[in-house]
Each structure stands twice: as structure tokens, then as C-alpha cells.
1. Quick check: pseudo-label points 7 Å beyond the Cα along Cα→Cβ at Tyr294 and Ser140, how many nm apart are they?
2. Using packing as a proxy for protection, rank 124-137, 62-75, 178-191 so that the peptide with the highest average count of other Cβ atoms within 10 Å comes first.
3. Need the full-extension length gain, Ser115 to Lys60, defined as separation in residues times 0.36 nm minus the C-alpha distance. One decimal, nm.
4. Among (1) 68, 46, 40; (2) 52, 39, 37; (3) 59, 44, 38, which is the computed Cα extents along the principal axes in Å?
5. So which of Lys175/Lys211; Lys45/Lys279; Lys50/Lys211; Lys92/Lys279; Lys92/Lys211 end up more than 25 Å apart, counting from Cα to Cα?
6. Each residue of the stretch 273-278 in order: what ³J(HN,Hα) in whole Hz does its phi give by Karplus 6.51 cos²θ - 1.76 cosθ + 1.60, θ = phi - 60°, with x for Gly and Pro?
7. Full extension from Gln84 to Asp104: what is 0.36 nm times the residue separation minus their Cα-Cα distance, to one decimal in nm?
8. Can you grab the distance from the C-alpha centre of the stretch 123-164 to the C-alpha centre of the stretch 185-254, Å, no decimals?
Amino acid sequence: MNKHSSIMKIRKFGATLFAASLVFSSYSAMGEEEWWPPTLDLDPKVQPPKWDWQLAVPIKVNPDTSIRIYDIDMFENEHSGAVQMLHSKGYKVICYLDVGSWEDWRDDAADFPNSILGARYSGFPDERWLDIRDVNPQKSKTGTKLAEILTRRFDRAHSMGCDAIEPDNMDGYDKTAHESSGFPLTYEDQIYFNLWVAESVHTRGMLVGLKNNINQAHDERIYNTFDFVVSEQCFQYNECGFFSDFLRLNKPVFEAEYGRTLSNFCPKAKALRISAIKKRPSLNATRQDCSAYY
């Protein structure tokens with residue numbers, strides 16, 4: 001979540017590449033499993049992997065069967081059977097979970113030491129930034145409690161069958177993107193944390209995406225490690241160019257617009273090979289995409 005985002009406020013709800021030896025190819029010409037990990041065709045006339053983003057519950061399968069990837073909330077769907085249902089229909093599942101801020105309604109909220117809870121997330125009094133330095137043994141003052149908590153979350157995601165993770169709030173250091181976290185986080189603190197997240201997820205056999213974090217997307221340690229991007233409103237805020245290195249490596253950018261019309265952003269998305277959709281801020285099942293432009 002960055003300065004433009006409010007999508008998780010709906011209340012209902014190092015650098016090693018994972019499987020680097022796999023040959024990437026367009027899922028449109030492949031079988032059920034051979035298109036995963038998702039990748040981009042070099043030809044912009046070929047539509048990039050289609051996705052849906054539903055953080056509201058319950059999950060509703062879109063009638064467009066050419067969608068192959070669903071991004072859903074991990075906690076809200078852990079015991080709902082949604083992952084198994086989507087897998088039974090041939091879909092892959094990205095699971096959303098927060099790694100950079102504390103949410104007071106999550107079932108493990110009491111596990112977080114008070115010392116790593118920072119400033120309130122602006123506009124949302126039930127969230128606080130985390131001191132992400134706590135995963136670094138050389139900087140932790142709690143015995144790396146945050147690493148233990150997030151590791152348990154990744155284990156839960158793996159156990160429920162998530163194919164990939166969308167880790168949110170990965171730019172706590174960046175005061176140009178939002179208010180201060182309440183901690184003196186540096187660029188390198190964030191890089192350490194983000195690579196730790198990626199390695200932890202990859203070790204469990206899941207892919208991992210970079211969420212927003214435009215000002216680190218050009219860092220080779222980031223784009224060489226993360227498997228895809230999840231971006232909000234990069235066309236509206238002229239930020240899509242920050243993900244050019246991911247696109248150069250044929251790594252998908254899964255992007256959502258809230259206010260723009262399809263005619264405004266779909267031609268640009270096609271030219272850049274970005275998997276763009278239009279969603280409501282509630283991230284329910286309502287969805288439009290750029291298929292008509294291919």
C-alpha cells in the first residue's frame with residue numbers, strides 16, 4: 001500500500017531467483033501447469049497473463065475462464081476452502097498478507113512486541129508501521145520476533161496451498177511515498193527486509209511479488225529476485241515506468257486502476273505488456289480488463 005492506496009481497509013475480509021532454471025513461456029500456448037511461473041510474451045499484441053484481485057470475501061469465480069490467476073486475502077480465506085476451489089478449476093492463487101504494517105484485527109496481532117510498532121498508518125488508526133529492521137539479527141532488539149511472526153504467516157500460506165505471496169507495505173523507509181513510519185529506516189534497511197521476505201517465501205516453494213515500492217523497483221537486487229509486481233494506479237499517477245526492469249525481464253506487472261476508463265489506460269497497458277484491470281476500491285468480484293484491445 002502506498003500514498004494512493006486504501007484497498008486493504010475493507011475490514012471484511014540474498015538475491016536468489018526461485019526456480020530460475022524454469023523456461024518461461026506464455027500460458028496461452030501451454031498446458032495447465034506449464035505456464036507457471038507466469039511470464040510475458042515478447043510480442044505486445046499477445047495479451048499478458050490475466051488476473052483478478054479479490055480481497056473481499058467470499059471469492060466469486062469470474063465467468064471469464066481465460067483468467068488464470070486470482071489474488072486473494074490469506075487470512076480471510078485460510079479456512080474457507082477458496083484456494084482448493086480455485087485450484088480445482090485450474091487457477092493459480094496469489095495470497096495477500098501484510099508484512100510491513102501491523103493490523104490490529106488479525107488473529108496474530110497480539111504476537112507483535114510493542115517495541116516494533118511504530119506510527120499509525122495515516123487515516124487508519126487500527127494499523128501501525130513495523131520496525132522492519134527487526135528481521136536483521138544485527139539490528140533486532142527483540143531476538144528477531146518479527147521474523148518469527150512473518151515466518152509463521154508464510155508457513156500458513158504454504159499450508160493452505162498459496163502459489164505466490166503479495167506482501168504489502170514494503171516501502172516503510174520511503175517518506176516520499178507516505179508519512180514517517182516512526183522509525184529511522186534506511187533504503188538499505190528496506191532492501192534487507194524485502195530480500196529476506198523474498199527468500200523466506202521462495203524457500204517455501206512460492207513465488208513472491210513486489211507490491212508498489214516504486215523507488216526500489218529499479219534496484220537490480222529487487223528486480224532480479226522478485227517474480228512479479230502488484231501495482232495500484234500506476235497509470236493514473238504516471239508510475240508504470242518504474243517497473244521497466246521487471247518488464248524487460250518479461251516478469252508480469254499485475255496492475256489495477258480504480259478511477260480511469262479502459263480507453264484511457266488499456267492502450268498504454270498493451271504497449272507496455274502490463275496486466276491491467278479496472279476494479280472497485282473494495283476489491284470485490286467486479287472487474288473489467290483490456291481484452292477488447294487485443
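Just so it is clear, none of the values below were taken in a lab; they were calculated from the coordinates. None of the values given here were measured: they were computed from a predicted structure. When we count neighbours, we look across all protein chains shown, and the Cβ atoms used for this are built from the backbone with ideal geometry, even at glycine.
1. 4.3 nm
2. Peptide ranking by packing, descending: 124-137, 62-75, 178-191.
3. Values: separation 55, 0.36 × 55 = 19.80 nm, distance 3.95 nm.
Answer, rounded to one decimal: 15.9 nm.
4. Matching the structure shown: (2).
5. none
6. My calculation for the stretch 273-278 gives 6, 9, 7, 9, 9, 10 Hz in order.
7. Numbers: separation 20, 0.36 × 20 = 7.20 nm, distance 2.77 nm.
Result: 4.4 nm gained on full extension.
8. Cα centroid of the stretch 123-164 versus Cα centroid of the stretch 185-254: 18 Å apart.
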